[in-house]
Amino acid sequence: MTSENVNGADVLALQQIVHLNTADWKRRVVGTICEIGERLDFMAVDLEMDDSEYIRGLEPGQTLYGAAQGNNCVYRFTAKFRSSTALPEKRWYFDFPSQVQRQQMRQFVRVQVPQEMGLKVRLPNGFGNLRSSKEMTICDISGNGICFASEQEAPIGSHISVCIDDLPGYGSFSATATVRRCTQIRFLNHYIYHIGAHMENHISEKQQDKLVRALFQLQQKYLKKGIGV
């Protein structure tokens, strides 16, 4: 993971989700940027927290540690707490971070998807031909790969066919993929296989761009589960 410093004004914006923490808090606080000063001197965040936690409050000048999700990256920053509103509003004001640290993630972030999302896979038979399509359990997907659970193994380097009928933000997605990993895992009283396959050489740039955008939107829905401040 590489990092660089960038201007906060270039990457922080209204309605962006941020995760906040302090040195002595045991949990992260999730909020949404609701106001940025015209002179970029302060920022306000509407918080999602219990009344009892909010009442505890912070001391003016206390250091906040923040993180905001970017496209395949996380923006991390520190800021000094200023003030808060009275209930029922739950809003913190703090100094606007003029500089933030951009931490680049892997080129294509793996996104976990609901297991009930329909995945159909055609695995090769002993002659190298593809078997009939079977429903399998998807584990995660990225802009260039997919991982799923199968009761049958697949040879490393073999080609398979994958299809997701209704991928949010994309629609019907299908592609050929090359098996890169096939790991046997004991599950209850039998074995299953976790198969990881690479799709990048089998889909067009247009397909890949559309897939990355769809997965990024899907990832935003998972932000409230935490991105590690």
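We did not get these values from a lab; they are worked out from the coordinates using the rules stated. Keep in mind that what you see is a predicted model, and the values were worked out from it rather than measured. Reconstructed Cβ throughout: ideal geometry from the backbone, glycine too, with neighbour counts over all protein chains shown.
Observations
- Along each principal axis, taking the top coordinate minus the bottom one, the Cα set of region 3-105 gives 36, 31, 23 Å in descending order.
- Region 203-219 and region 39-55 have Cα centres spaced 33 Å apart.
- Helix content alone sets the calculated 222 nm mean residue ellipticity of the chain: runs of n ≥ 4 DSSP H residues at -39500 (n - 2.57) each, divided across all residues, give -3500 deg cm²/dmol.
- Amide hydrogen neighbours beyond the local backbone of Phe96, cut-off 5 Å, H modeled: Phe42, Met43
- Cross-link pairs beyond the 31 Å C-alpha cut-off, checked among Lys120/Lys210; Lys120/Lys206; Lys80/Lys210: Lys80/Lys210
- √(5λ) per eigenvalue of the Cα gyration tensor, region 133-223, largest first, Å: 24, 16, 11
- Under 10 Å, Cβ to Cβ, from Ala67 - net charge with Lys/Arg +1 and Asp/Glu -1: +2
- Neighbour cut-off at most 12 other Cβ (10 Å), DSSP loop, trypsin sites (Lys or Arg not before Pro), region 92-178: Arg106
- Cα-based Rg and Dmax for the chain, where Dmax is the largest Cα-Cα distance (Å): 22.1, 71
- Taking the longest Cα principal axis of the chain as reference, the axis of helix 205-221 is set at about 50 degrees.
- Across the chain, the longest run free of exposed loop sites, meaning GluC sites (Glu not before Pro) lying outside DSSP classes H, G, I, E and B with no more than 14 other Cβ atoms within 10 Å, spans 152-229.
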